[in-house]
Amino acid sequence: MQFDDLSFWQRQRGGKNLTAFAFDPKLLRSAIFECSPPTLFGQVHGPALEAADNVKVLLDANALELLPGSATRASHGRKTIGGVSVRKTQGGNFTVTGRAYVVAAGAMESARLLLLSDKVHPAGAGQ
Ligand SMILES: Cc1cc2nc3c(=O)[nH]c(=O)nc-3n(C[C@H](O)[C@H](O)[C@H](O)COP(=O)(O)OP(=O)(O)OC[C@H]3O[C@@H](n4cnc5c(N)ncnc54)[C@H](O)[C@@H]3O)c2cc1C
């Protein structure tokens, strides 16, 4: 499949309304492009993650909520994160704790997770 083949995308589900922009093709070309090859993260990076002593990968586990930490002197009264509530897809909850927390769940889900975490702040973590 040519990534830039418009007719391919038009044959896909929902693609029949996909058209090139109505610009003069001599002046402006419509294009569908990718900047990087598709990467299956587990295949490419899985072995390095398994071998790492300081990384534990939890699959089929969804972060539900950031939990508030106990206020410490170091936090100067600011709200801190004390853990992440997680649910396994097969059922069952557990909490993950760490020294630092990185929210990297993608643009929409990261915002959703922060907003849902209203035990940290009534308007969501990060307020
Ligand atoms: C159709 C499309 C094509 C793209 N093509 C390209 C391209 O060719 N080249 C390029 O450089 N960029 C491309 N991008 C952009 C690129 O994919 C993003 O910029 C990049 O993936 C963002 O990385 P991220 O780690 O921030 O988030 P993501 O890659 O979205 O990773 C977030 C991860 O968090 C997981 N997650 C979400 N919610 C939870 C939760 N509650 N608990 C646990 N885990 C959770 C998700 O399953 C996912 O694995 C494309 C994007 C799209 C949508």
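Taking the residues in region 1-31 that are among the charged types (D, E, K, R) and over 30 Å from L59 (Cβ atoms) as candidates, determine which candidate is surrounded by the most Cβ atoms within 10 Å (Cβ to Cβ). Give the steps one after another, and end with the answer.
Residues of region 1-31 among the charged types (D, E, K, R): 4-5, 11, 13, 16, 24, 26, 29.
Within this subset, residues satisfying the condition of being over 30 Å from L59 (Cβ atoms) are 4-5, 11, 16, 24, 26, 29.
Details: D4: 13, D5: 11, R11: 11, K16: 9, D24: 7, K26: 6, R29: 11.
Out of the qualifying residues, it is D4.
Just checking, how many residues over region 32-54 are assigned to a loop (DSSP other than H, G, I, E, B), surrounded by 10 or more Cβ atoms within 10 Å (Cβ to Cβ) and either within 16 Å of the ligand (Cβ to nearest atom) or of a type in the set (V, I, T) (or both)?
We begin by selecting, within region 32-54, every residue assigned to a loop (DSSP other than H, G, I, E, B); these are 32-40, 52-54.
If we keep only those that are surrounded by 10 or more Cβ atoms within 10 Å (Cβ to Cβ) as well, we get 32, 52.
Of the ones still in play, those that are also either within 16 Å of the ligand (Cβ to nearest atom) or of a type in the set (V, I, T) (or both) are 32.
Final tally of qualifying residues: 1.
Name the residue, out of E109, E50, E34, E65, that is within 23 Å of the chain's Cα centre (by Cα) and modelled with pLDDT under 90.
Numbers: E109 fails: modelled with pLDDT under 90; E50 fails: modelled with pLDDT under 90; E65 fails: modelled with pLDDT under 90.
Being within 23 Å of the chain's Cα centre (by Cα) and modelled with pLDDT under 90 holds for just one of E109, E50, E34, E65, which is E34.
Within the bounds of region 29-49, is there any residue that is closer than 30 Å to Q127 by Cα and of a type in the set (D, E)? Break it down stepwise before answering.
Filtering region 29-49 for residues closer than 30 Å to Q127 by Cα gives none.
Within region 29-49, none of the residues are closer than 30 Å to Q127 by Cα and of a type in the set (D, E).
The values are calculated or read from the model by the stated rules, or taken from the named source; none is laboratory data. Computed from a predicted structure; not experimentally measured. Quick reminder, even Gly has a Cβ in these numbers, built from the backbone with ideal geometry, and neighbours come from all protein chains shown.
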